[in-house]
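Colleague: The structure's right below; bear with me while I get my questions together.
The values are calculated or read from the model by the stated rules, or taken from the named source; none is laboratory data. Here the structure is a predicted model, which is why all the values come from computation and not from measurement. All Cβ positions, even for glycine, are placed from backbone atoms using ideal geometry, and neighbour counts span all protein chains on display. The area values use the complete protein model at the heavy-atom level, side chains included, leaving out ligands, DNA and RNA. Shrake-Rupley method; radii C 1.70, N 1.55, O 1.52, S 1.80 Å.
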Amino acid sequence: RLLISQIRSRLSKEATRAVGLKAAQHLKDQYDEEVLYLNSQLSRLVEAVRDKGRPTLLVLTSDHGEQFGEHNLIEHSNSLYAELTSVPFVMVGLNGYAVPKGRVNSALSLIDIAPTFAAAAEVSNKKFKGNLRGVNLLGSDITKKLDERIHLMCWKTPRVFTAAAQRGQWKVVGGFEVNVDPPDVPAFSRSMVFHISEDPDELVNLLGQNLPEEVEELWERLLEAGYRWNEIGMHEEEDVS
């Protein structure tokens, strides 16, 4: 933790940033070794499943990514950049379980896992009172459903609730001020706009430029979600003392 704290401090200052980036790369090399080890253990798991012979659906994904100096940041839970929000999502059928082959170009979400596994187990969403909000990735016409969906992301600091909305090639990021008065109308500010295909590393902020109407629709959707989150208390400041 001391090393990470020192790297974070060096990345925050231009005079020491080069040293911080070099140290962050050292951590990334160690992280890559951890991925290699995990891959070897997954191989053992897959072989064991194959030996059992039972038709199985396997999904490999992650709850978040990591930053190693990108955007002058380290670790996670401190931004909504692609390094943290874009994670692997691989779905494999074993022992005869059929999974459609190919690559999905639209953004998937972790909320898609539950309805997909439920469908694989032939359990109806009615069993969950319709509360499985994601997309069954084994279903028909998923491309249309995924293309139409707006992907929402958020993280919270003691003072600001940061949120992002993404659909297709556009991603917008803004912030809701925590505990404003009146509490049912949180103060919202726009901070970033990215064109994903032209700028996958999210380095060019297009905020303030002449952008298509679909970007304004994303802002409206993000604001609507922010009000709803505020109603259920997600914006409330937590006591971390």
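Colleague: Tally the residues that are out of contact with any Phe, Trp or Tyr (no Cβ under 7 Å at 6 or more places or on another chain), of a type in the set (A, V, I, L, M, F, W, C) and not in a loop (DSSP other than H, G, I, E, B), restricting the search to the range 194-217.
Modeller: So the answer is 1.
Colleague: Could you identify the single residue in Ala164, Ala114, Ala98 that is small (Gly, Ala, Ser), touching a residue at least 40 places away in the same chain (Cβ under 8 Å) and either surrounded by fewer than 19 Cβ atoms within 10 Å (Cβ to Cβ) or under 30 Å from Lys28 (Cα atoms) (or both)?
Modeller: Answer to the selection: Ala164.
Colleague: May I ask you to verify whether Thr143 is farther than 23 Å from Leu203 by Cβ, of a type in the set (Ser, Thr, Tyr) and within 23 Å of the chain's Cα centre (by Cα)?
Modeller: yes
Colleague: On to the next question. Would a scan of the range 39-54 turn up a residue that is aliphatic (A, V, I, L, M), closer than 29 Å to Ala165 by Cβ and out of contact with any Leu (no Cβ under 6 Å at 6 or more places or on another chain)?
Modeller: Checked the range 39-54: no residue is aliphatic (A, V, I, L, M), closer than 29 Å to Ala165 by Cβ and out of contact with any Leu (no Cβ under 6 Å at 6 or more places or on another chain).
Colleague: Among the residues in the range 128-146, are any assigned to a strand (DSSP E or B) and not polar (S, T, N, Q)?
Modeller: no
Colleague: Can you name the condition, by its number, that Pro88 falls short on among (1) surrounded by fewer than 13 Cβ atoms within 10 Å (Cβ to Cβ); (2) at pLDDT 90 or above; (3) of a type outside the set (Val, Ile, Thr); (4) more than 25 Å from Ile196 (Cβ to Cβ)?
Modeller: (4)
Colleague: Please go through the range 39-66 and give me each residue that is closer than 25 Å to Leu2 by Cα and without any contact (Cβ under 8 Å) to a residue 24 or more places away in the chain, ordered by number.
Modeller: If the condition is that a residue be closer than 25 Å to Leu2 by Cα and without any contact (Cβ under 8 Å) to a residue 24 or more places away in the chain, then His64, Gly65 are the ones that fit.
Colleague: Look at Thr143 and say whether it is open to solvent by 40 Å² or more (accessible area, probe 1.4 Å) and not basic (Lys, Arg).
Modeller: Against the criterion (open to solvent by 40 Å² or more (accessible area, probe 1.4 Å) and not basic (Lys, Arg)), Thr143 qualifies.
Colleague: Let me ask something else about it. Within the range 74-88, which residues are of a type outside the set (Ser, Thr, Tyr) and either in a loop (DSSP other than H, G, I, E, B) or farther than 23 Å from Gln169 by Cα (or both)?
Modeller: Passing the criteria: Ile74, Glu75, His76, Asn78, Leu80, Val87, Pro88.
Colleague: Hey, could you check the range 95-127 for residues that are assigned to a loop (DSSP other than H, G, I, E, B) and touching a Gly at 6+ places or on another chain (Cβ under 7 Å) and say which is farthest from Asp147 (Cα to Cα)?
Modeller: Asn95
Colleague: Got a sec? Which of Glu122, Glu148 is modelled with pLDDT under 90 and of a type in the set (Asp, Glu)?
Modeller: Exactly one of Glu122, Glu148 is modelled with pLDDT under 90 and of a type in the set (Asp, Glu), namely Glu148.
Colleague: Could you look through the range 91-132, keep only residues that are of a type in the set (D, E, K, R) and over 21 Å from Lys52 (Cβ atoms), and pick out the one that is nearest to the chain's Cα centre (by Cα)?
Modeller: Checked the range 91-132; the qualifying residue nearest to the chain's Cα centre (by Cα) is Asp112.
Colleague: Restricting attention to the range 1-20, which residues are open to solvent by 70 Å² or more (accessible area, probe 1.4 Å) and out of contact with any strand residue (DSSP E or B) (no Cβ under 7 Å at 6 or more places or on another chain)?
Modeller: Within the range 1-20, Arg1, Leu2, Leu3, Gln6, Arg10, Ser12, Lys13, Glu14, Ala15, Ala18, Val19 qualify.
Colleague: Applying the selection to the range 21-70, what residues are assigned to a helix (DSSP H, G or I) and in contact with a strand residue (DSSP E or B) (Cβ under 8 Å, 6 or more places away or on another chain)?
Modeller: Ala24, Gln25, Leu27, Lys28, Tyr31, Leu42, Val46, Val49, Arg50
Colleague: Right, next: Being surrounded by 12 or more Cβ atoms within 10 Å (Cβ to Cβ) and out of contact with any Phe, Trp or Tyr (no Cβ under 9 Å at 6 or more places or on another chain) is the filter here, so list the residues in the range 117-135 that pass it.
Modeller: Phe117, Ala119, Asn125, Phe128, Leu132, Arg133, Gly134, Val135 - these are the residues of the range 117-135 that are surrounded by 12 or more Cβ atoms within 10 Å (Cβ to Cβ) and out of contact with any Phe, Trp or Tyr (no Cβ under 9 Å at 6 or more places or on another chain).
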